[in-house]
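The values are calculated or read from the model by the stated rules, or taken from the named source; none is laboratory data. Just so it is clear, the model here is predicted, and its values are computed rather than measured. Reconstructed Cβ throughout: ideal geometry from the backbone, glycine too, with neighbour counts over all protein chains shown. When the accessible area is computed, the model is the full protein with side chains, heavy atoms only, and any ligands, DNA or RNA have been set aside. Shrake-Rupley method; radii C 1.70, N 1.55, O 1.52, S 1.80 Å.
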Amino acid sequence: MTTNPLVGRMTRFAAVGAFGTVLNLAIMAAMLGLGSHYLPAAIVATELTILSNFLMQERLVFQDNRGGRPLRQRILAAFGFNNIETLVRMPVLVLLVSVLLVPGLVAQAATLAAAFLIRFAFTSRVIYRIRPDAGRLLPAPSVREEQLS
């Protein structure tokens with residue numbers, strides 16, 4: 001029986017995401033406990049966990065596939081995407097808390113869960129996508145080509 005590598009990768013990505021979500025909510029809860037407003041607490045928690053999630057994904061999820069991209073490009077792409085995703089997610093968080101009266105931690109957990117598939121698709125298809133020319137070796141010259149040169 002062969003396992004689908006995508007399923008294994010998505011499972012590891014989900015495990016990293018679950019750890020990141022728990023860490024995110026713990027940071028947010030600590031900040032709320034110190035008297036912070038839910039929105040800055042959510043933003044700080046998100047920024048800190050973007051970094052931890054990236055490092056864990058590098059080590060545990062995509063360790064065998066860097067997509068032929070340098071570390072700097074992967075970091076910039078991950079931070080860029082996750083910050084754009086955060087900018088989109090924060091108004092939803094405000095709507096849930098301010099209008100629908102969902103508690104801040106519950107709303108944060110819900111928005112993080114809702115964004116999971118989008119994050120996985122972007123991360124695996126853009127940041128760690130194997131480029132067609134990455135790792136491709138040039139064919140060895142034939143004996144005839146060597147004789148002609």
Identify the single condition in (1) open to solvent by 80 Å² or more (accessible area, probe 1.4 Å); (2) among the aliphatic types (A, V, I, L, M); (3) touching a helix residue (DSSP H, G or I) at 6+ places or on another chain (Cβ under 6 Å) that Leu34 does not satisfy, given that it satisfies every other one. (3)
Taking the residues in the range 37-56 that are in contact with a helix residue (DSSP H, G or I) (Cβ under 7 Å, 6 or more places away or on another chain) and without any contact (Cβ under 8 Å) to a residue 40 or more places away in the chain as candidates, determine which candidate is nearest to Thr123 (Cα to Cα). Phe54
Step by step: first the residues of the range 75-92, then only those that are in contact with a helix residue (DSSP H, G or I) (Cβ under 7 Å, 6 or more places away or on another chain) and open to solvent by 50 Å² or more (accessible area, probe 1.4 Å), then the one that is farthest from Val126 (Cα to Cα). Which residue is that? Val92
Selection count, the range 1-14, where residues are open to solvent by 60 Å² or more (accessible area, probe 1.4 Å) and either under 17 Å from Leu55 (Cβ atoms) or at pLDDT below 75 (or both): 7
Counted residues in the range 53-74 being more than 10 Å from the chain's Cα centre (by Cα) and either open to solvent by 30 Å² or more (accessible area, probe 1.4 Å) or farther than 18 Å from Ala18 by Cβ (or both) come to 14
Could you go through the range 37-49 and let me know if any residue there is open to solvent by less than 50 Å² (accessible area, probe 1.4 Å) and either out of contact with any Leu (no Cβ under 9 Å at 6 or more places or on another chain) or not in a helix (DSSP H, G or I) (or both). no
Selection count where residues are touching a residue at least 40 places away in the same chain (Cβ under 8 Å) and within 17 Å of Ala114 (Cα to Cα), scope the range 21-36: 3
Here the qualifying pairs (Cβ atoms under 7 Å; residues six or more apart or on different chains; first in the range 105-123 and within 13 Å of Ala18 (Cβ to Cβ); second of a type in the set (Val, Ile, Thr) and crowded, with 17+ Cβ neighbours inside 10 Å) come out as Ala109/Thr21; Leu112/Thr21
Of everything in the range 93-117, what is open to solvent by less than 40 Å² (accessible area, probe 1.4 Å), within 18 Å of Met56 (Cβ to Cβ) and either in a helix (DSSP H, G or I) or at pLDDT 95 or above (or both)? Give them in sequence order. Leu112
